[in-house]
Amino acid sequence: MAIFLHHGDLPESVRFSGSVAVDTETMGLNLQRDRLCLVQLSAGDGDAHLVRIVPGMDAIRLKALFADPTLLKIFHFARFDVAMVARHLGVACAPVYCTKIASKLCRTNTDRHGLKDICRDLLGVELSKEQQTSDWGAESFSAEQQQYAANDVLHLHRLKEKLDALLVREGRAELALACFAFLGTRAALDLAGWAENDIFAH
Ligand code: MN
């Protein structure tokens, strides 16, 4: 297991096929105010690639990865990351899978669907959230920050496997796919000012 840190873009030598686990770290949770600082990627093989977003540097290969229609991007709470990627890299991220939505659809026995919760419940893995609010805008990252950032993508493939089986068991696999397909629109609504105001509500 190794963590690779890249600056500005993904190197040409790093390729993913089929699916890739993705997470992002930002300066904060405000889509309009806060910039994208880091994109984490994993093929589900125990390695993680961290790409530091350098302001003013065009992340051409990263953008191509997000737009690649043959590559499934697996997120936890894709709604935020997809909106961040759209706003700061100017690219529509698709196709996507969201472990949080999957968990909400098939694990109605609990209301705890955080990454920490589902890693513990489904994989028996304890995640630390200690570095969550550290400074992701920095030009270098501590070993603890890099491990934290990597942890957010290292388990998503195995979570997807478990969640897919539960979605089938509960008869909600198709509903999940429809939700995943809508995520781009959900992110666009967030960016357009309908983040809190549910247009489906009465
Ligand atoms: Mn994260």
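The values are calculated or read from the model by the stated rules, or taken from the named source; none is laboratory data. This is a predicted model, so every value here is computed, not measured. Here the Cβ positions follow ideal geometry from the backbone for every residue, glycine too, while neighbour counts run over all protein chains shown.
Considering only segment 146-154, I want to know if a residue exists there that is hydroxyl-bearing (S, T, Y) and over 22 Å from A102 (Cβ atoms).
yes
Just to verify a result, which residue in segment 135-167, among those that are surrounded by 15 or more Cβ atoms within 10 Å (Cβ to Cβ) and in a loop (DSSP other than H, G, I, E, B), is farthest from the ligand (Cβ to nearest atom)?
G137
Determine whether P11 is within 30 Å of D164 (Cα to Cα) and at pLDDT 95 or above.
For P11, the condition - within 30 Å of D164 (Cα to Cα) and at pLDDT 95 or above - is not met.
Please pick out the residue among A188, A201, A195 that is assigned to a loop (DSSP other than H, G, I, E, B), touching a helix residue (DSSP H, G or I) at 6+ places or on another chain (Cβ under 9 Å) and of a type in the set (A, V, I, L, M, F, W, C).
Step by step, each of A188, A201, A195 is checked, and only A195 is assigned to a loop (DSSP other than H, G, I, E, B), touching a helix residue (DSSP H, G or I) at 6+ places or on another chain (Cβ under 9 Å) and of a type in the set (A, V, I, L, M, F, W, C).
Of all the residues that make up segment 117-133, how many are surrounded by 14 or more Cβ atoms within 10 Å (Cβ to Cβ) and either within 11 Å of the ligand (Cβ to nearest atom) or farther than 23 Å from R79 by Cβ (or both)?
Summing the residues that are surrounded by 14 or more Cβ atoms within 10 Å (Cβ to Cβ) and either within 11 Å of the ligand (Cβ to nearest atom) or farther than 23 Å from R79 by Cβ (or both) in segment 117-133 gives 3.
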